[in-house]
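A.B. asks: Once you've had a glance at the structure underneath, I'll fire off some questions.
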Amino acid sequence: MIPAAWRDPRRWRAAFAPHSIVLALLAAWFVGLVFAAVQLERWQADLSRTLLQLNADAQFRARVTQRDQVDPQWYRRKAGALLAALDKVRREAWWTVFIPGSWRPFDDLEERVAARMEREFGDIVVETVRRELFLRTAQLTGVPVAPPAGEFRSPVACTPPRLPAGTPPGELPELAALKAYVGSLRELDDAVRAWMALQQSPGPEATQALRGLVRYTLDADLPPGAAHAVALFQASRAPGAAEAVPQWQAAARCAFLRGVDALHERVLSQNELLALEQSLQERARGLFDNRRPEPFVPTVKRLRAVHETLLQEEALLARGNTAWLRGGALPFQPAWEDLLARSRELGLLGPDAAQQARVHSEAAFAQFRRQFDAVLGRGRAGLVWDDVQPGYRLSPERVALREGLGRLLQEPFMQLRADGSAEPPPATFNEVLALADVRRRVRREVIPQLPEFARAPMARVVDDRLALLVHDGAAQALRAALPSDPNGSFDPAAFQGLRQPLAQAQSLLVALGAPDLAQRLASQPAAELGARLARSTQELRTLALFTPRASDFGWWRGEPAPLMRAFGTADEPAMQALLTQQFARVEALARQASQYLAAADTQLSADADVQTWQKLAAETDRWRAHLPDSSMLAMERYLLAMGPPLRRENCAELLMTRLPPRHDDEIAQRLTRMHNALALRCNQLRTEPPVASTGN
């Protein structure tokens, strides 16, 4: 039976309350311990994977002597993976309450993990971000990165900004490149600002700054819970982090100023109108003076270049946009001011770089104005200002020069062939004399279209060109009347008939102001005939009758028949056949030369070849008539009589009985030289002891 005191519920509650509390606490601790064990298992797995990966990466880096030997993409991946693992390896403090052994006084694992993560964070994440900032700056500025530190070489050597793709066709390429450069530089500038903020003392915006920095440099998003990453970034300050910012600024400003210089070089130093004006003045220098013009081909090429430059200049002025050349501002002034305002806002450029760019611009524009005014003020005024449509236009004088040169260069006699040489002269006298009509037409229709200063020089160019065509054409027509084959037939009467058109061509040359060419053309017939007579003389002296062995008998040793051996004949019939053939050839050459002599004038009277062939022609007439005083007959009798019996023993006696005739033609002179050479050698042999014959 239950005592009455225990029947009261309040007594029961009072008795069992401490036990319930203890049991509840034990149950709660047990549940927490189970949950903590599960969390610990997960955390341990993440920590183990992370540490194993960190160890493997550390061993891989240890095997590499320089960081630059590893692909930068590898570091980007590892940095992104390390940032993602930061939140996983952090141990939440609330569940460690259920495991007394993991409390901080008893377990420093979390501190050791934090130290290891901080070290790896500095080696991989912070250093990779720093190098990526250098790399992005190098890509924008063209400054080379020097291994192994991954920084810029000193002094900084940059390149102008590159032209981006998709630039509008009407915009200046250098201006578009500068705009794109400043736009890209803003992203880099934001990343550098975030870098500087994280390197100093991160504030409330540190997480956002780190997120933007990671996105720009690593092309990755910062995982949630980045506060720990901010702390690690602050704790892992990269060595030389403060010195990196001035390098980035120097590279950015260098490329910016190079781009500014390139822009002004394009618009001012390489100004199309200024370049065309300078080119025109250079090509036209001395071309329209009253001095003697240059040879035809260089003159025509210069005239073509001047005409082409005038066409280009007119097309350029027709596009307009030349009013700024007379004002005091650049044609892109609004865009330029906007560009300077945007550059002042960037920390990598700032007001100093913007002011320096403005100074460069003003100095370049002032120098351009001086140069442009000097070019416009040199010589005749080729450009005039148009008040109706503000801008420069070609002066009336220059328009007349363009039109007149266009007409003149279309004339057939002013044309050049595809290879740049002059067109051939006319082939007949009719075509040559027709050039007089061409000259009158050009002076009447073409020359007056030129401005006053160019008329006389261009008339001189026309006359010189026509004079050259007249001379060369007449000489060619004269040359065509002569046979191309020296042995061909020649009509002296027809050749004499060319003297009248030749005289007309000479008169035309005098009218064209080329008396020297007229004099040269007057001597052309004599020169052509003299050249053919000289060729006949040369052929005559190549005949066997004029062999050198018959002029000097130093080779003769006294053996029989030296004359036979000199002419290469074995006996008397062979000698007779040789003489017949040689005399026939001499007669043919003399007959051809007689035709040339019939067409010759007094200019050739003193020519040695003319005198030679006059005497030979008379000699061949005597030979055909078998006159006793013929030199050819005398040579024939001499060689046939003296050839076989002549030897050392009887040479003096035989030579005394056969004296050559005393004529002045070439055959007689040849026979005399032969006889004298034999007599000289005979005298030498008779005064020397006899030697055995060699049989040669």
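The values are calculated or read from the model by the stated rules, or taken from the named source; none is laboratory data. Computed from a prediction, not measured in an experiment: that's the story for all the values here. We place every Cβ from the backbone using ideal geometry, glycine too, and count neighbours over all the protein chains shown.
A.B. asks: Is it true that some residue in region 296-303 is free of Cβ contacts under 8 Å to residues at least 24 places away in the same chain, closer than 24 Å to Gly420 by Cα and among the basic types (Lys, Arg)? Before you say what the answer is, go through the steps one by one.
C.D. replies: Taking region 296-303 as the starting set, the residues that turn out to be free of Cβ contacts under 8 Å to residues at least 24 places away in the same chain are 298, 302.
Then drop every residue that is not closer than 24 Å to Gly420 by Cα, which leaves 298, 302.
Then keep just the ones that are among the basic types (Lys, Arg); that gives 302.
The answer is yes; a qualifying residue exists.
A.B. asks: If you don't mind, there's one more thing I want to ask. Please report, ordered by residue number, the helices (runs of 4 or more DSSP H) entirely within region 493-571 with at least 3 residues that are closer than 30 Å to Arg673 by Cβ and not aromatic (Phe, Trp, Tyr). Please lay out each step first, then the result.
C.D. replies: Working: elements: 499-511, 515-522, 524-540, 562-567.
In region 493-571, the matching helices (runs of 4 or more DSSP H) lie at 524-540, 562-567.
Quick grid of which residues meet (1) in the same structural domain as Val461 (by the TED database); (2) in a loop (DSSP other than H, G, I, E, B); (3) at pLDDT below 85; (4) under 21 Å from Leu140 (Cβ atoms):
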| site | (1), (2), (3), (4) |
| --- | --- |
| Thr207 | no, no, yes, no |
| Asp221 | no, yes, yes, no |
| Arg253 | no, no, no, yes |
| Gly259 | no, no, no, yes |
| Ala262 | no, no, no, yes |
| Glu282 | no, no, no, no |
| Glu294 | no, yes, yes, no |
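A.B. asks: Going by the structure shown, is Gln611 under 25 Å from Leu533 (Cβ atoms), part of a helix (DSSP H, G or I), without any contact (Cβ under 8 Å) to a residue 24 or more places away in the chain and of a type outside the set (Phe, Trp, Tyr)?
C.D. replies: Values: under 25 Å from Leu533 (Cβ atoms): yes; part of a helix (DSSP H, G or I): yes; without any contact (Cβ under 8 Å) to a residue 24 or more places away in the chain: yes; of a type outside the set (Phe, Trp, Tyr): yes.
It is true that Gln611 is under 25 Å from Leu533 (Cβ atoms), part of a helix (DSSP H, G or I), without any contact (Cβ under 8 Å) to a residue 24 or more places away in the chain and of a type outside the set (Phe, Trp, Tyr).
A.B. asks: Go over the candidates Glu337, Glu313, Glu308 one by one and state the one that is more than 22 Å from Val399 (Cα to Cα), out of contact with any Cys (no Cβ under 8 Å at 6 or more places or on another chain) and either at pLDDT 85 or above or part of a helix (DSSP H, G or I) (or both). Spell out the reasoning first.
C.D. replies: On the way: Glu313 fails: more than 22 Å from Val399 (Cα to Cα); Glu308 fails: more than 22 Å from Val399 (Cα to Cα).
Going through Glu337, Glu313, Glu308 in turn, just one is more than 22 Å from Val399 (Cα to Cα), out of contact with any Cys (no Cβ under 8 Å at 6 or more places or on another chain) and either at pLDDT 85 or above or part of a helix (DSSP H, G or I) (or both): Glu337.
A.B. asks: Taking the condition of being out of contact with any Lys or Arg (no Cβ under 8 Å at 6 or more places or on another chain), of a type in the set (Gly, Ala, Ser) and surrounded by fewer than 20 Cβ atoms within 10 Å (Cβ to Cβ), how many residues in region 443-480 meet it?
C.D. replies: Residues in region 443-480 being out of contact with any Lys or Arg (no Cβ under 8 Å at 6 or more places or on another chain), of a type in the set (Gly, Ala, Ser) and surrounded by fewer than 20 Cβ atoms within 10 Å (Cβ to Cβ): 2 in total.
A.B. asks: Going through region 508-566 one residue at a time, which ones are of a type in the set (Val, Ile, Thr) and touching a residue at least 40 places away in the same chain (Cβ under 8 Å)?
C.D. replies: Within region 508-566, the subset of a type in the set (Val, Ile, Thr) is 510, 537, 542, 547.
Thr537, the sole residue that qualifies.
A.B. asks: Can you name the number of the only condition in (1) closer than 30 Å to Arg292 by Cβ; (2) assigned by the TED database to the domain that holds Met642 that Thr569 fails?
C.D. replies: Only one criterion in (1) closer than 30 Å to Arg292 by Cβ; (2) assigned by the TED database to the domain that holds Met642 is unmet by Thr569, namely (1).
A.B. asks: Next up: Picking from Phe296, Phe332, which residue would you name as being out of contact with any Pro (no Cβ under 9 Å at 6 or more places or on another chain) and closer than 30 Å to Pro451 by Cα? Walk me through it before giving the result.
C.D. replies: Details: Phe332 fails: closer than 30 Å to Pro451 by Cα.
Testing whether each residue is out of contact with any Pro (no Cβ under 9 Å at 6 or more places or on another chain) and closer than 30 Å to Pro451 by Cα leaves just Phe296.
A.B. asks: Any residue in region 428-442 that's surrounded by fewer than 18 Cβ atoms within 10 Å (Cβ to Cβ): show its pairings with residues that are part of a helix (DSSP H, G or I) at Cβ separation under 6 Å, as long as the two are six or more apart or on different chains.
C.D. replies: Pairs that qualify, where the first residue is surrounded by fewer than 18 Cβ atoms within 10 Å (Cβ to Cβ) and the partner is part of a helix (DSSP H, G or I), are Thr428/Ala477; Ala436/Leu508.
A.B. asks: Might you check whether a residue that is more than 31 Å from the chain's Cα centre (by Cα) and either over 19 Å from Phe134 (Cβ atoms) or at pLDDT 70 or above (or both) occurs anywhere in region 159-176?
C.D. replies: In the first step, residues of region 159-176 are kept if they are more than 31 Å from the chain's Cα centre (by Cα); the result is none.
Within region 159-176 (the criterion being more than 31 Å from the chain's Cα centre (by Cα) and either over 19 Å from Phe134 (Cβ atoms) or at pLDDT 70 or above (or both)), the answer is no, since none of the residues qualifies.
A.B. asks: Name the residue that is nearest to the chain's Cα centre (by Cα), counting only residues in region 368-386 that are at pLDDT 80 or above and more than 15 Å from Ala275 (Cα to Cα).
C.D. replies: Per the criteria, the residue is Val384.
A.B. asks: Test Gly212 against the criterion of being in a helix (DSSP H, G or I), surrounded by fewer than 19 Cβ atoms within 10 Å (Cβ to Cβ) and modelled with pLDDT under 80, and give yes or no.
C.D. replies: On the way: in a helix (DSSP H, G or I): yes; surrounded by fewer than 19 Cβ atoms within 10 Å (Cβ to Cβ): yes; modelled with pLDDT under 80: yes.
Answer is yes for this residue.
A.B. asks: Another question about this same structure. Looking at Ser507, is it assigned by the TED database to the domain that holds Arg465, under 25 Å from Gln592 (Cβ atoms), surrounded by fewer than 17 Cβ atoms within 10 Å (Cβ to Cβ) and not basic (Lys, Arg)? Even if it seems obvious, please write down each step before you answer.
C.D. replies: On the way: assigned by the TED database to the domain that holds Arg465: yes; under 25 Å from Gln592 (Cβ atoms): no; surrounded by fewer than 17 Cβ atoms within 10 Å (Cβ to Cβ): yes; not basic (Lys, Arg): yes.
No, not satisfied.
A.B. asks: Could you check region 544-582 and list, in sequence order, the residues that are within 18 Å of Met632 (Cα to Cα) and among the acidic types (Asp, Glu)?
C.D. replies: If the condition is that a residue be within 18 Å of Met632 (Cα to Cα) and among the acidic types (Asp, Glu), then Glu572 is the only one that fits.
A.B. asks: Let me spell it out: the conditions are (1) in contact with a Pro (Cβ under 6 Å, 6 or more places away or on another chain); (2) at pLDDT below 90; (3) more than 30 Å from Ala494 (Cβ to Cβ), and Thr672 meets all of them except one. Which number is the exception?
C.D. replies: (2)
A.B. asks: Now for a separate question. Being touching a strand residue (DSSP E or B) at 6+ places or on another chain (Cβ under 8 Å), among the polar types (S, T, N, Q) and in contact (Cβ under 8 Å) with a residue 60 or more places away in the chain, is that true of even one residue in region 319-326?
C.D. replies: Taking region 319-326 and keeping what is touching a strand residue (DSSP E or B) at 6+ places or on another chain (Cβ under 8 Å), we get 320-323, 325-326.
Right, trim to among the polar types (S, T, N, Q) and you get 321-322.
Going one step further and asking which of them are in contact (Cβ under 8 Å) with a residue 60 or more places away in the chain, we end up with 321-322.
For region 319-326, residues touching a strand residue (DSSP E or B) at 6+ places or on another chain (Cβ under 8 Å), among the polar types (S, T, N, Q) and in contact (Cβ under 8 Å) with a residue 60 or more places away in the chain: present.
A.B. asks: Which ones in region 337-393 are free of Cβ contacts under 8 Å to residues at least 60 places away in the same chain and among the hydrophobic types (A, V, I, L, M, F, W, C)?
C.D. replies: Matches in region 337-393: Leu340, Ala341, Ala354, Val359, Ala363, Ala366, Ala374, Ala381, Val384, Trp385, Val388.
A.B. asks: If you take the residues in region 624-676 that are of a type in the set (Lys, Arg) and not in a loop (DSSP other than H, G, I, E, B), which one is nearest to Arg686 (Cα to Cα)?
C.D. replies: The initial filter retains those residues of region 624-676 that are of a type in the set (Lys, Arg), namely 624, 637, 647-648, 658, 662, 670, 673.
Still in the running and not in a loop (DSSP other than H, G, I, E, B): 624, 637, 670, 673.
Details: Arg624: 39, Arg637: 25, Arg670: 24, Arg673: 20 Å.
Filtering region 624-676 for residues that are of a type in the set (Lys, Arg) and not in a loop (DSSP other than H, G, I, E, B), the one nearest to Arg686 (Cα to Cα) comes out as Arg673.
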